[in-house]
Every structure is written in C-alpha cells, then in structure tokens.
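Notes follow once the structure below has been shown.
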C-alpha cells in the first residue's frame, strides 16, 4: 500500500480525491487534510497568506500519523503566486516540516508537462487576469511556452467549486488554441476528475487539471507509476523499464 498525503485548502472540490483514488484501481491510498484557507480570494496577498509556512505546517502531523510517504500542497495559486524561486522555498520548507518528500500542484503541472513532452500549452484559468498571468510566468520560468491564457475572472474558490460539467467544458474550449499541445486547467477548486477522458476526446489533445496532476505528482514523489486511462493521457504513459 502506498499512502499519499495532500494538504487541501478549504472545501471546494475535495471529492475529486476519493474519486481519483477509486479510478487508480490499485493499492494507492489518498489522505487529505484541509488547511485553513483564510480569506477566500483570488488576490495575490490572500493567496500568499493561504500558502504560508505556518498554515502548511499545521496539517502535516495528521499526514505523518496516517503513514503518508509524500505530501503535495494541493493548491496551484497558493504556490505559483510565490514565483519560481519562492515556490521552491515553499516546498523545501514543507518537506522539512513533514519529514517526507514534498511538492505542490504548480510543480505537478511542470513535471507532468515534461512527462508528456509538452512545450506549448494553453491555460484555462478560473482566476482574474493578473493571477492567471502569474501562472503563465511560472510556466515560462520552467521552460514552457503558454501560447494562450484565458482568465474567467472568478474571485473565490467557493464559486469555482459550484461549477459543473457545462462550465468546465466551456472553460476548456475557451482556453484551447491551435498551437497548444495541451490545455492546462490550474484550479484545485474545480471538479475535473470525472471528465478527463471526455475533455481530451473533445479537444483532441491532453488536458492537465490541478487535482489530477497533484495526485500524479505525489505518485512521482513516492516512486510509483500507475496506468489509469480514466485519468487521461498523463496516466497512460508506459513505465520506464530499467535494464
């Protein structure tokens, strides 16, 4: 049994995680601890406060007791808002506090994109323009090329959590661009786990979503690879055979 730990801010789309655990269909356990969201606002100061070291450290003891082998800060905006170097410092501090390998959703997007050999991507953000722009900057720092950025202007995670299939698909379509090799949907407050294969079929390219890449990143940290076609192209890569 591989136990994966996640620190998830507030309550919006946390039900994606047991759904993903079910779709993995393997000896994987997903443990979720909710962190204090503070002020629910897609605004730079509020997001920095939400991802502070103190707030993240408060949840790690429960994950240690659950036997987690790796921990992911399951929040995109609360990590990339610190910038490339600041986001690295954030996960280094989390690893020290947790006593286990650590990462964040933002780095999950970077590592997943590299896994799929992607460079040119389109971003479909629920956030206001300024916050969506910070995510694009983060990806550029990682060597990716955001060829299109669509921002929906939603101010709170709570509102995003009420979005259903219609809003999700409208976001993905609005974000897509002919030059993009994949579409990235970076909000962990957005329900996506049940729609990944249909999204990819409709757009004709990989779709990476925040909760999906968060779980994939935790598996990467735990040195596990799982083939799960229901979770999209990212989970259908063949394992590397060591010879």
Residue within segment 29-44 that is touching a residue at least 24 places away in the same chain (Cβ under 8 Å), closer than 18 Å to residue 93 by Cα, in contact with a helix residue (DSSP H, G or I) (Cβ under 8 Å, 6 or more places away or on another chain) and not in a strand (DSSP E or B) present: yes
Within segment 142-162, track down each residue that is farther than 24 Å from residue 40 by Cα and surrounded by 14 or more Cβ atoms within 10 Å (Cβ to Cβ). 142, 144, 145, 146, 147, 148
For segment 162-172, does any single residue satisfy the condition of being within 22 Å of residue 231 (Cβ to Cβ), in a helix (DSSP H, G or I) and within 15 Å of the chain's Cα centre (by Cα)? no
Hey, among the residues in segment 185-207 that are out of contact with any strand residue (DSSP E or B) (no Cβ under 8 Å at 6 or more places or on another chain) and under 16 Å from residue 125 (Cβ atoms), which one's modelled with the lowest pLDDT? 189
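Results for (1) surrounded by 15 or more Cβ atoms within 10 Å (Cβ to Cβ); (2) in contact (Cβ under 8 Å) with a residue 40 or more places away in the chain; (3) within 30 Å of residue 143 (Cβ to Cβ), shown as yes or no for each residue.
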| position | (1), (2), (3) |
| --- | --- |
| 54 | no, no, no |
| 63 | yes, yes, no |
| 67 | no, yes, no |
| 93 | yes, yes, yes |
| 96 | no, no, yes |
Could you go through segment 82-95 and let me know if any residue there is within 28 Å of residue 194 (Cα to Cα) and modelled with pLDDT of 95 or more. no
In this structure, is residue 21 within 27 Å of residue 194 (Cβ to Cβ) and part of a helix (DSSP H, G or I)? yes
Any residue in segment 226-243 that's surrounded by 13 or more Cβ atoms within 10 Å (Cβ to Cβ): show its pairings with residues that are at pLDDT below 50 and part of a loop (DSSP other than H, G, I, E, B) at Cβ separation under 8 Å, as long as the two are six or more apart or on different chains. 227/239
Being surrounded by fewer than 17 Cβ atoms within 10 Å (Cβ to Cβ) and under 21 Å from residue 79 (Cα atoms) is the filter here, so list the residues in segment 16-37 that pass it. 34, 36
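The values are calculated or read from the model by the stated rules, or taken from the named source; none is laboratory data. Computed from a prediction, not measured in an experiment: that's the story for all the values here. So basically every Cβ, Gly included, is an ideal-geometry build from the backbone, and we count neighbours across all protein chains shown.
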